[in-house]
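Trainee: Below is the structure I would like to discuss, written out as structure tokens.
The values are calculated or read from the model by the stated rules, or taken from the named source; none is laboratory data. All of these numbers come straight from a predicted model, not from anything done at the bench. Cβ sites come from the backbone with ideal geometry, for glycine too, and all protein chains shown count toward neighbours. The area values use the complete protein model at the heavy-atom level, side chains included, leaving out ligands, DNA and RNA. Shrake-Rupley method; radii C 1.70, N 1.55, O 1.52, S 1.80 Å.
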Amino acid sequence: MAKTPKKSGLSGFPEWLPAERLVEQHVIDVFREVAELHGFSGIETRSVEPLEQLLRKGEIDKEVYVLRRLHAEESEIAADDSGADPARALGLHFDLTVPLARYVLEHQNDLAFPLRRFQIQKVWRGERPQDGRFREFYQADLDVIGQDTLPGHIEAEVAVVMAEILDRLPLPTVTIHANTRRLSEGFFRSLGLEDHAAVLRCLDKLPKIGPDAVRELLVGEIAATEQQAQACLDFASIRTRDGSFAQRVRELGGTGEMVEQGIAELTAVLERVEAAVPGVILADLSIARGLDYYTGTVFETFVAGHESLGSICSGGRYDSLATDNRHTYPGVGLSIGLSRLVSRMLSADLARATRSVPTCVLVAVLDEQSRPASDAVARQLRGRGISTEVAPTATKFGKQIRYADRRGIPFVWFPGEEGSSGEVKDIRTGEQASADPATWEPSDRDRRVQILPGGEDGPTS
């Protein structure tokens with residue numbers, strides 16, 4: 001039965017118990033490890049940005065948290081409330097893209113391009129909390145940023161890295177859905193529909209209102225004919241694991257240079273990702289991802305059986321992350337709503353930690369006079385990378401064992417007298433044997449906390 005993770009009493013600001021935090025930390029560690037294997041450098045930007053920068057697109061102005069001192073000057077309060085001087089006001093960042101654009105412009109002379117960057121950081125949005133949506137949450141971004149130019153193969157490369165990250169996590173089947181702007185725009189124009197952005201806005205409503213209602217929108221709002229509307233719906237229904245989508249697009253009337261360029265781009269992405277991580281990529285011509293911003297391949301990612309969560313990882317190619325008088329910075333990026341994903345992993349019991357603490361060994365204490373001997377054993381074990389703590393009180397050994405059991409610690413160490421090695425007990429099986437802290441080794445599965453798929457038992461020996 002699925003468990004519901006405990007949340008903070010303050011709505012939208014999640015707090016995890018120690019075992020749950022270990023799952024979250026595992027996701028963060030996997031993201032970092034795979035990104036670094038592919039040569040991405042981690043950065044962290046400040047949590048605040050000028051309010052005028054955060055609001056420059058005007059899309060989520062009601063969701064931005066404004067930063068203000070408790071005893072702010074009256075002039076500061078007036079500026080915040082009336083907007084008289086937004087350049088002086090600060091807000092907490094709501095994503096990691098706005099800070100990245102500013103970071104690239106400010107540090108362009110010190111960065112080597114293409115910049116391969118990953119960033120895992122908390123962001124804040126004042127939206128209504130609900131399942132999978134928080135006001136404070138971790139976001140994990142992966143981007144390659146060029147200066148003036150960026151090769152097209154980077155679109156597939158970033159998708160491969162993200163596919164490898166997701167493949168290492170204890171999740172059901174994950175599928176990355178891909179489309180390209182050129183293909184969609186070229187197809188709609190070949191039908192005689194020039195306002196491709198309006199068509200995409202209608203098609204984007206398919207999951208919510210269904211094909212019949214979307215057909216009415218296309219005819220009523222875009223002035224499409226019945227034939228054009230049906231062709232658009234047929235186009236959006238195309239999903240293939242290989243390049244066979246191309247023939248179906250042509251059969252629906254897709255012709256022209258832009259269509260063929262889009263077909264070539266999407267086919268290249270499918271082939272490269274499939275070669276690296278088989279079975280994860282899918283051509284899905286309904287994917288839009290706000291194509292006014294994205295200019296190349298776009299991606300959305302779904303977990304089998306958890307489609308209600310929506311896309312867990314989205315992004316794509318954009319030709320202008322930032323620009324100044326000298327350069328334009330194109331890029332390709334993908335972003336995971338990490339806290340949303342972890343929340344579902346916990347609530348649906350998709351992943352669990354083998355124990356709730358990192359400690360592998362509890363060193364028992366015979367009495368307070370002999371505590372230095374127990375401390376010495378702990379130092380030896382820690383020196384060899386084995387997480388160890390010493391019993392907090394010198395109670396009866398039975399109570400110390402029960403303390404270890406409550407904490408989820410698998411081994412209890414009983415120091416020997418006058419420097420002898422002592423004995424170690426696996427409190428799960430009851431097995432006890434002589435051991436030397438200079439050489440004793442737990443199993444690999446016991447040495448460190450393991451994150452296992454939900455329902456799978458932890459190590460027993």
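Trainee: So for region 338-461: antiparallel DSSP bridges make up what percent, rounded to the nearest 5?
Mentor: 60
Trainee: I need the semi-axes of the equivalent ellipsoid of the chain: take the C-alpha gyration tensor, multiply each eigenvalue by 5, square-root it, list largest first in whole angstrom. Spell out each step's value before the answer.
Mentor: Values: eigenvalues 508, 154, 89 Å².
With the √(5λ) rule applied to the chain, the semi-axes are 50, 28, 21 Å.
Trainee: Here's a follow-up. Please calculate how many Å² of accessible area the chain carries per residue, with a 1.4 Å probe and no DNA, RNA or ligand atoms counted.
Mentor: Values: 22110 Å² over 461 residues.
In whole numbers, the chain has 48 Å² accessible per residue.
Trainee: Under a point spin-label approximation (7 Å from Cα along Cα-to-Cβ), what is the R128-R250 distance to one decimal in nm?
Mentor: Spacing of the two 7 Å Cα→Cβ label points: 4.8 nm.
Trainee: Same structure, new question: Looking at the square roots a ≥ b ≥ c of the eigenvalues of the Cα gyration tensor of region 144-212, which shape do they give, rounded for a/c under 1.5, prolate if a/b is larger than b/c, or oblate? Intermediate values should be presented prior to the final figure.
Mentor: Numbers: a/c = 3.30, a/b = 1.34, b/c = 2.47.
Note, shape of region 144-212 comes out oblate.
Trainee: Out of the DSSP beta bridges found with both residues in region 164-306, what percent are antiparallel (nearest 5)?
Mentor: Within region 164-306, antiparallel bridges account for around 75 percent of the total.
Trainee: Mind checking the log10 I(q)/I(0) for region 284-348 at q = 0.12, 0.30 Å⁻¹? Debye, one equal scatterer per Cα, no solvent, two decimals.
Mentor: Those come out to -0.40, -1.25, one per q.
Trainee: Continuing with this model, one more query. Any idea how far apart K399 and K62 come out in nm if each label point goes 7 Å out from Cα toward Cβ?
Mentor: 5.8
Trainee: Going by Cα centres, region 243-259 and region 190-240 are how many Å apart?
Mentor: First find each Cα centre; the distance between them is then 17 Å.
Trainee: Count charges around I238 for me, please; just the other residues with Cβ under 9 Å from its Cβ, Lys/Arg as +1, Asp/Glu as -1. Show your work: numbers first, answer last.
Mentor: Numbers: positive: R239, R248; negative: D234, D284.
Taking every Cβ under 9 Å from that of I238, the sum is 0.
Trainee: Let me ask another. How compact and how long is region 204-274, expressed as Rg and Dmax of its alpha-carbon atoms in Å?
Mentor: 13.9, 40
Trainee: Enter the accessible area of H153 (Å², nearest 10), with the probe set to 1.4 Å and all protein chains included.
Mentor: Its accessible surface works out to 90 Å², give or take rounding.
Trainee: If you roll a 1.4 Å probe over the chain with all protein chains in place, what percent of the accessible area is carbon or sulfur?
Mentor: That fraction is 48 percent.
Trainee: Now, a different point. What share of Cα pairs, in percent, lie more than 14 angstrom apart in region 326-375?
Mentor: 75
Trainee: Still on this structure, please answer the following. Considering only DSSP beta bridges with both partners in the chain, what is the antiparallel share in %, to the nearest 5?
Mentor: So the antiparallel bridges in the chain amount to around 85 percent.
Trainee: Rounded, prolate or oblate: which one fits region 87-165, using the alpha carbon gyration tensor with axes a ≥ b ≥ c (rounded when a/c is under 1.5, else prolate when a/b beats b/c, else oblate)?
Mentor: oblate
Trainee: Give me the net charge of R46's neighbourhood, meaning all other residues with Cβ under 15 Å from the Cβ of R46; Lys, Arg count +1, Asp, Glu -1.
Mentor: -2
Trainee: Working only with C-alpha atoms, what are the Rg and Dmax values of region 81-236, expressed in angstrom?
Mentor: Radius of gyration, then largest Cα-Cα span, for region 81-236: 20.6, 55 Å.
Trainee: Using the per-residue mean of other Cβ atoms lying within 10 Å as a proxy for protection, in what order, highest first, do the peptides 379-390, 194-205 fall? Intermediate results must be reported in sequence, preceding the final value.
Mentor: Numbers: 379-390: 16.3, 194-205: 18.2.
Order by mean packing, descending: 194-205, 379-390.
Trainee: Report, to two decimal places, the Cα Rg of region 312-440 normalised by 2.2 N^0.38 Å (N = number of residues).
Mentor: Normalised Cα radius of gyration, region 312-440: 1.74.
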